[in-house]
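Written out below as structure tokens is the structure these notes cover.
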Protein chains: 2
Amino acid sequence: MRLYTYPGAPSPQRVEWLLVEKGIEMPMEKVDLTQGEHLRPEFRAKSPNADVPTLALDDGTFISQVPAICLYLEDRFPEPPLYGQSPEDRARVIMWDHLGYINGFRAVAEVLRNSSRAMQGRPLVGPHNYDQIPALVDRGRQRVRNFFNDFNGRLAQSDYLAGDFFSMADITGYVMCNFARWIKEQPGEEHVHLRAWQDKISQRPAVEKVIQRR
Amino acid sequence: MRLYTYPGAPSPQRVEWLLVEKGIEMPMEKVDLTQGEHLRPEFRAKSPNADVPTLALDDGTFISQVPAICLYLEDRFPEPPLYGQSPEDRARVIMWDHLGYINGFRAVAEVLRNSSRAMQGRPLVGPHNYDQIPALVDRGRQRVRNFFNDFNGRLAQSDYLAGDFFSMADITGYVMCNFARWIKEQPGEEHVHLRAWQDKISQRPAVEKVIQRR
């Protein structure tokens, strides 16, 4: 296997963090997003949505999309589990991972990609260009703040996002909170549970390797 | 188990279709979206993103988000498989299901939810209201057309979206193409492969039960 990635970008960080937690080592190939390497035909032949991370399998095929890559690696390398111990656990992990992505991750991306001059024409991940929409910048910030409130409420009920165990959902949530620094949004004093959870997660050795090396 | 659903809405259709393919029967409870029942505190206590479908498990907990529900039901009721026969198959299904959702489903929703008077304040699924953004209507239509081109290209290479077998990715893609009728977008004459695939899928008995009964 080989991972096509771009170190420091938030979606690849979700997969790289899983690799560190599981002690998986594999060759990594940098796709330089700043040079548009992801949009070149040779990479699009591997990754139909022109995005990293993309995983090359040993049978010569390719998988993109973080949930697909992470569930595949969980199947192949079950220990330590990052989707809990039962089908019910796994369902909850996928649910909270998805909510972190849809309501958190994409909200930060909405602000960044619709405001940055460097991302003109690129408000959405994928092969197609669109015009930036300035109204999405304000809406994205509202969404990020609502996300902090919602996830703070969840963490008032539960030690980790999917229950009483660390999981892929926490990886996505934590990476999202870091990604929010790029747009200068952070959980506030009122988000007591979210901040306590961030402190707890930040002590995992993987964080230093994946996040703090940026 | 019990499924909270709203018949005829596209996200619930993805799960209801899986149930029909697998021959699973369970009680269904209608959450009337037109009356705002999904936004009431009693339902939000079950479904944190205030959305259907939501699945009540026998242990008293709840799972929302289509990928979480469908992978859970695949675990519990493996036959007939809707995620293929191997971890590699499953990864490809999750990948194409995710792309159908992100680039297809959400693009149609973007048009509908930012233009409909009945959806003022509701451009996004979830508990929070936001203003509609008219610029998203045109962008959403561009995205839907790009989706038809992209998936037509994929289906030029492959009998079904994830490979040579029918899967959850086809369910999501087909439901998306039907959902696009709501905004009067459909694959064109040039989308030969996509239309041949639609014809093939439309002959499955589940389609009549889930889609055509609307």
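Quick rundown of the values:
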| quantity | calculated |
| --- | --- |
| Residue within region B:90-101 that is assigned to a helix (DSSP H, G or I), in contact (Cβ under 8 Å) with a residue 60 or more places away in the chain and of a type in the set (Gly, Ala, Ser) present | yes |
| Which listed residue, of A:201, A:171, is β-branched (Val, Ile, Thr), within 22 Å of residue A:72 (Cα to Cα) and not in a loop (DSSP other than H, G, I, E, B) | A:171 |
| Criterion violated by residue A:59 - all others in (1) modelled with pLDDT of 95 or more; (2) within 7 Å of chain B (Cβ to nearest Cβ); (3) surrounded by fewer than 24 Cβ atoms within 10 Å (Cβ to Cβ) satisfied | (1) |
| Within region B:136-154, tally of residues that are within 7 Å of chain A (Cβ to nearest Cβ) and free of Cβ contacts under 8 Å to residues at least 12 places away in the same chain | 1 |
| Verdict on residue B:27 being free of Cβ contacts under 8 Å to residues at least 60 places away in the same chain, touching a strand residue (DSSP E or B) at 6+ places or on another chain (Cβ under 7 Å) and not assigned by TED's automatic domain parsing to the domain that holds residue B:119 | yes |
| Scan of region A:6-39 for residues that are among the aliphatic types (A, V, I, L, M) and either farther than 14 Å from residue A:54 by Cβ or within 15 Å of the chain's Cα centre (by Cα) (or both), ordered by number | A:9, A:15, A:18, A:19, A:20, A:24 |
| Residue among B:67, B:123, B:53, B:127 that is facing chain A (nearest Cβ under 9 Å), under 16 Å from the mean Cα position of the chain (by Cα) and buried (at least 16 other Cβ atoms within 10 Å of the Cβ) | B:67 |
| Exclusive hit being acidic (Asp, Glu), within 30 Å of residue A:48 (Cα to Cα) and touching a helix residue (DSSP H, G or I) at 6+ places or on another chain (Cβ under 8 Å), set A:150, A:170 | A:170 |
| Checking residue B:124 against (1) outside any helix (DSSP H, G or I); (2) more than 19 Å from residue B:15 (Cβ to Cβ); (3) in contact with a strand residue (DSSP E or B) (Cβ under 8 Å, 6 or more places away or on another chain), the condition it does not meet | (3) |
| Residue satisfying condition, being over 15 Å from residue B:170 (Cα atoms), surrounded by fewer than 23 Cβ atoms within 10 Å (Cβ to Cβ) and at pLDDT below 95, within set B:78, B:27, B:7 | B:7 |
| Top-ranked residue of region B:47-73 - restricted to ones that are of a type in the set (Asp, Glu) and in contact (Cβ under 8 Å) with a residue 40 or more places away in the chain, ranked as farthest from residue A:101 (Cα to Cα) | B:58 |
| Residue in region B:170-184 that is more than 26 Å from residue B:37 (Cα to Cα), surrounded by fewer than 18 Cβ atoms within 10 Å (Cβ to Cβ) and within 12 Å of chain A (Cβ to nearest Cβ) present | no |
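The values are calculated or read from the model by the stated rules, or taken from the named source; none is laboratory data. Keep in mind the model is a prediction, meaning the values are calculated, not measured. Quick reminder, even Gly has a Cβ in these numbers, built from the backbone with ideal geometry, and neighbours come from all protein chains shown.
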